Amino acid sequence: MNTFHVMKRILLQFRRDKRSVALMVVAPLLVLSLMWMVLDHDDSKLELGAVDVPETMLEKLSSDTLDIETLSSSKAEEKLEEGTLDAVLYFENKEISLLLEGSNPNTAGAIQKELQSLREDQQNMVDVEYYHGSEDLGLFDYVGPVLIGFFVFFFVFIVGGVSFLRERTQGTLERLLATPIRRSEIVFGYLAGFGLFTIVQSLIIASFSIYILGVFMEGNFLYVLIVTILLALAALSLGTLVSAFAKNEFQMIQFIPLIIVPQVFFSGLFPTEGLGTWVQMIGDIMPLTYGAEAMRGIMLRDASFADIQWEVYILLGFTALFTTLNIFALKKHRRL
């Protein structure tokens, strides 16, 4: 009988907490749908540039997975720098050489596999060279920049959101709102306080990953630090914004499948080049997408600040947007 009463109480709690019930159904469906969109699609074609390669060789290399474009040497290098080519095949003095873009070890391996038939026919194949990275570049080196950004974003989102939520549930925020202080001053104060912590956290995570774990690093560490700090600030402002709509820590955790998980699928951990345009546009509204792209550019391709400035400005824009929404969200507690 006591068991029945306990069971009844739990069921009544679920009945009152419709958000939890909805998320128990919606969250798994959302994650499964994202996995289907990202993983169940045709692989994108490999982009190969050809410089002075005879037409007979190009015909031999023709395949459904290889998209070959005949280019001049200068144009091919320009496209390698832009990242729009996966490799360039050169033919000079009856010798063949291959220059791999190199920042993605999976793509580099796939290109070499496609050219295996050419290797068998040409005994004078010149050694393969890498425009970025090296033959020792592993999978962890490729996903490492994304993982650094993800862990910074995830933990700052959780810690910042839950901490701000506790300030409200424990009455601290209400007492502040009872004073003449402005909403903007409260938001900026919290972001500045937690922001100093995120700078230290970003420095520790980035340093540990690069100098202790040995994640491949070709660029400027200062740029890595700037991007991780901007990611942390975006996550902090988003976490505090979301916490305004949660009544307790459990409800705060419920937002993870809706806010954090989708960003994982579109941040670069999984290839999205073969997806439809409308699906790829989902990633365009997620801060982690731009942070991960900037991190990869710096660590794998030695990108300069000019190369990543677009991602930097977008991350600043996300932070400004979430901060502004935070100020308006405090209206539900008190009109100032």
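The values are calculated or read from the model by the stated rules, or taken from the named source; none is laboratory data. The model shown is predicted, which means the values in this text are computed figures rather than measured ones. Neighbour counts are summed over all protein chains in view; Cβ atoms, including those assigned to glycine, are modelled from backbone coordinates with ideal geometry. The protein model used for the area step is the full one, side chains on, heavy atoms only, and it has no ligands, DNA or RNA in it. Shrake-Rupley method; radii C 1.70, N 1.55, O 1.52, S 1.80 Å.
Annotations
- Within the stretch 202-224, the set of residues being part of a helix (DSSP H, G or I), surrounded by fewer than 18 Cβ atoms within 10 Å (Cβ to Cβ) and either among the hydrophobic types (A, V, I, L, M, F, W, C) or in contact with a Ser or Thr (Cβ under 9 Å, 6 or more places away or on another chain) (or both) comprises Leu203, Ile204, Phe208, Ile212, Phe221, Leu222.
- Remark: pairs (first residue in the stretch 46-70, closer than 15 Å to Leu98 by Cα and of a type in the set (Asp, Glu); second residue open to solvent by less than 90 Å² (accessible area, probe 1.4 Å) and not in a strand (DSSP E or B); Cβ separation under 6 Å; 6+ apart in sequence or on different chains) = Glu47/Leu85; Glu47/Asp86.
- From the options Leu231, Leu196, residue that is closer than 30 Å to Arg183 by Cβ and surrounded by fewer than 16 Cβ atoms within 10 Å (Cβ to Cβ): Leu196
- If the condition is being part of a helix (DSSP H, G or I) and either in contact with a Leu (Cβ under 6 Å, 6 or more places away or on another chain) or open to solvent by 40 Å² or more (accessible area, probe 1.4 Å) (or both), then the stretch 238-256 contributes Leu241, Ser243, Glu249, Phe250, Met252, Ile253, Gln254.
- Listed conditions (1) modelled with pLDDT under 80; (2) surrounded by 18 or more Cβ atoms within 10 Å (Cβ to Cβ); (3) part of a loop (DSSP other than H, G, I, E, B) are all met by Leu23, apart from (3).
- In the set (1) charged (D, E, K, R); (2) over 20 Å from Gly239 (Cβ atoms); (3) modelled with pLDDT under 80, Arg168 fails one condition alone, (2).
- Yes/no for Phe157 being of a type in the set (A, V, I, L, M, F, W, C) and either buried (at least 19 other Cβ atoms within 10 Å of the Cβ) or in contact with a Gly (Cβ under 9 Å, 6 or more places away or on another chain) (or both): yes
- Among residues of the stretch 319-336 being open to solvent by less than 30 Å² (accessible area, probe 1.4 Å) and modelled with pLDDT of 90 or more, the one that is farthest from Pro145 (Cα to Cα) is Phe322.
- With respect to the conditions (1) assigned to a helix (DSSP H, G or I); (2) out of contact with any Pro (no Cβ under 8 Å at 6 or more places or on another chain); (3) buried (at least 17 other Cβ atoms within 10 Å of the Cβ), His132 lacks only one, and its number is (1).
- Residue match in the stretch 100-112 (condition: assigned to a loop (DSSP other than H, G, I, E, B), open to solvent by less than 50 Å² (accessible area, probe 1.4 Å), under 30 Å from Ile204 (Cβ atoms) and in contact with a Pro (Cβ under 8 Å, 6 or more places away or on another chain)): no
- Checking each residue in the stretch 295-309 for being open to solvent by 50 Å² or more (accessible area, probe 1.4 Å), in a helix (DSSP H, G or I), out of contact with any Ser or Thr (no Cβ under 8 Å at 6 or more places or on another chain) and touching a residue at least 12 places away in the same chain (Cβ under 8 Å) picks out only Phe305.
- Checked against the criterion of being open to solvent by 70 Å² or more (accessible area, probe 1.4 Å), over 23 Å from Leu137 (Cα atoms) and free of Cβ contacts under 8 Å to residues at least 12 places away in the same chain, the stretch 77-91 contains not a single residue that satisfies it.
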